[in-house]
Amino acid sequence: MSNISIGRFRGGFCVYWRDEVGRRRRHSLEARTRTEAEAEAIEVYRRESARSEPRGATVSEIWEAYVKDLGDRPAGVTMGYTGKAVLQHFGAHTPANIDKDLCLAYRATRLEQGKSDGTVHTELGHLRMALSWAVKTKVIEEAPAIWRPAKPETDKRILDKVEMRALVEATRAPHTRLAVILLLGTAARVGAILDLTWDRIDFEAGSINLRLPDSRTRKGRAIVPMSGMTRAALSSAKEAALTDYVIEHGAKPVKKVRKGILAAVERAKLGHVRIHDLRHTAAVTMLSEGVPLEMVSQCLGHSNTAITFKTYARYLPQHMQQAVDVLDFMDIRTAS
C-alpha cells in the first residue's frame, strides 16, 4: 500500500503513515522479517484506520492541520490567536456536530467576555475557512453551515487633503513617514506596504507591485502606478536603502508602524483615526474626484467591483445626483 511505510524500531519493525489530518501514526510490529512485516503492516493499518473512521477528525485536529498548511502566511499567524477562543468552544467536536445553536452559544460566551459581534464574526469566519479547507483536502466530506452574526458597519474616518498633509508632516521617523505616504498614495493595506521589497519597485515603468510572488496572503493586492508624491518618496528612500525592504529601520525590515502612525495622528490632532482608515481615505478620495469605480477597484486589489461598491457607495451620495435629478418635477409647466 502506497500510504504506509515500514521502518526499524527498537530492534524490530514498525509501520507508520499520516492520518486524515496529517499526524504521523506509528505502530510496532511483531514480525521478525521484512516479508512478514509487510503483511502485518497492512493488517495493522486497516485495523487502526477502521477504529478512527467513526469518530472522524475533530475541529482541533483540523484547525491545527490547516494552520500548519498555511505556514507563515498572515492568516496562519492570525489563526494562532483566534484559535484560543474558537477551540475552547468547538475543539472537541467533530464538524458534523456543529449547528446554529452551538454557534449562537459561542457568540453568547464571547459577548459575556466583552468581545464584539465583529470579533465573533471574524472568529467564526476562521472556523469556516478551516472546515472548507478540510473539505478541499478530503479530510471531511462536507462542511457544516457556520452561522455568524452580521458583520457590523465600521465608522470609517475619511481624511480630507488638508488632514492628509498634516498627518504626513506630523510623522517624525523617516520609515514611518514613507509608510504613510505609500498607504495614502497606493490605497494598500499596511501589510502590503511592510512586505514591499525594492525588486518590485520599477522606476522606469513607474509602477509599484504590491503582490507577493508566492501568494502568502488571501487578501487581494494590486500593481499600482506611482504618483509624483510616491515616486519622490521612494527615490529618496532608495538612495539610503540598506536592506531589500522598502520600509526599513536600523538596517532591518520593519514589522509594525502602528505606534508611529498613531503618534503622528495625535500630534496632528486628527481625532480617532485607525491605520486602515488611510486605505479608506485613498479609496474615497479617488471616487470623489471622479475616478471610475472599476479603476479604484483595481487599485484596491478587489476581486470584483461589487466589493468596492458595497464598501464605499454610502460615502458618495453625490454620485446618485444625476439619477435623482430626473425626478425633479417642480419646473413642469401645465399647458394653457
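State in Å² the accessible area per residue of the chain; use a 1.4 Å probe, count heavy atoms of protein chains only, and round to the nearest integer.
Values: 20290 Å² over 336 residues.
Accessible area per residue, the chain: 60 Å².
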Fill in: Cα centre as origin, Lys/Arg/Asp/Glu Cβ charges: the chain dipole, Debye
940 debye
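With r defined as the distance between the Cβ atoms of Leu242 and Phe203 and R0 fixed at 22 Å, what FRET efficiency is calculated, to the nearest 0.05?
For R0 = 22 Å, the calculated efficiency reads 0.75.
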Worksheet, complete the sentence: Computed over segment 53-130, the relative contact order (Cα-Cα under 8 Å, seq sep at least six) in percent reads 39 percent
Worksheet item: Which loop-located GluC sites (Glu not before Pro) does segment 115-186 contain, where loop means any DSSP state but H, G, I, E or B and the Cβ has at most 12 other Cβ atoms within 10 Å?
Response: Glu141, Glu142, Glu153
Worksheet item: Hey, could you pull the Cα Rg and Dmax for the chain, both in Å?
Response: 27.3, 113
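Which order do Cys103, Cys299 take by accessible area at a 1.4 Å probe, largest first? Please list the in-between numbers first.
Numbers: Cys103 0, Cys299 35 Å².
Accessible-area ranking of Cys103, Cys299, largest first: Cys299, Cys103.
What's the longest bit of the chain with no exposed chymotrypsin sites (Phe, Trp or Tyr not before Pro), using DSSP loop states and at most 13 other Cβ atoms within 10 Å as the test?
Numbers: sites that count: Phe203, Phe329.
Within the chain, the longest run free of exposed chymotrypsin sites (Phe, Trp or Tyr not before Pro) spans 1-202.
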Response to the item:
Once amide hydrogens are built 1.01 Å from N within the peptide plane, the residues lying 5 or more places from Phe9 or on another chain with amide H under 5 Å from its amide H are Cys14
Worksheet item: Roughly how many debye, to the nearest 20, is the charge dipole of segment 1-155 about its Cα centre, given +1 on each Lys and Arg Cβ, -1 on each Asp and Glu Cβ, and no other charges?
Response: 460 debye
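Which trypsin sites (Lys or Arg not before Pro) from segment 27-131 combine a DSSP loop assignment with at most 13 other Cβ atoms within 10 Å? All intermediate terms of the calculation are to be shown ahead of the outcome.
Details: sites: Arg32, Arg34, Arg46, Arg47, Arg51, Arg55, Lys68, Lys84, Lys100, Arg107, Arg110, Lys115, Arg128; in loops: Arg32, Arg55, Lys115.
In loop regions of segment 27-131 (DSSP not H, G, I, E or B), the sparsely surrounded trypsin sites (Lys or Arg not before Pro) are Arg32, Arg55.
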Worksheet entry | Value at 222 nm in deg cm²/dmol, rounded to 500, when DSSP H runs of n ≥ 4 in the chain each add -39,500 (n - 2.57) | -15000 deg cm²/dmol
Discussion item. Please list, in order along segment 121-130, the HN-Hα scalar couplings obtained from phi with the Karplus expression 6.51 cos²θ - 1.76 cosθ + 1.60 (θ = phi - 60°), rounded to whole Hz, x for Gly and Pro.
Written reply: 4, 5, 5, 5, x, 5, 4, 4, 4, 5
Worksheet item: What's the angle, to the nearest 10 degrees (0 to 90), between helix 59-70's Cα axis and the longest principal axis of the chain?
Response: 60 degrees
Worksheet item: Hey, any idea what % of the chain's accessible area is carbon plus sulfur with a 1.4 Å probe?
Response: 51 percent
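At 0.36 nm per residue, minus the direct Cα-Cα distance, what do Ile223 and Glu38 gain on full extension? Give it in nm, one decimal, please. Don't skip to the answer; put the middle values down first.
On the way: separation 185, 0.36 × 185 = 66.60 nm, distance 5.48 nm.
Between Ile223 and Glu38, full extension yields an extra 61.1 nm.
The values are calculated or read from the model by the stated rules, or taken from the named source; none is laboratory data. What you are looking at is a predicted structure, and each value in this text was computed from that prediction instead of being measured. Don't worry about glycine lacking a Cβ; one is built from the backbone with ideal geometry, like all the others, and counts go over all protein chains shown. With ligands, DNA and RNA removed, areas are computed over all heavy atoms of the protein, side chains included. Shrake-Rupley method; radii C 1.70, N 1.55, O 1.52, S 1.80 Å.
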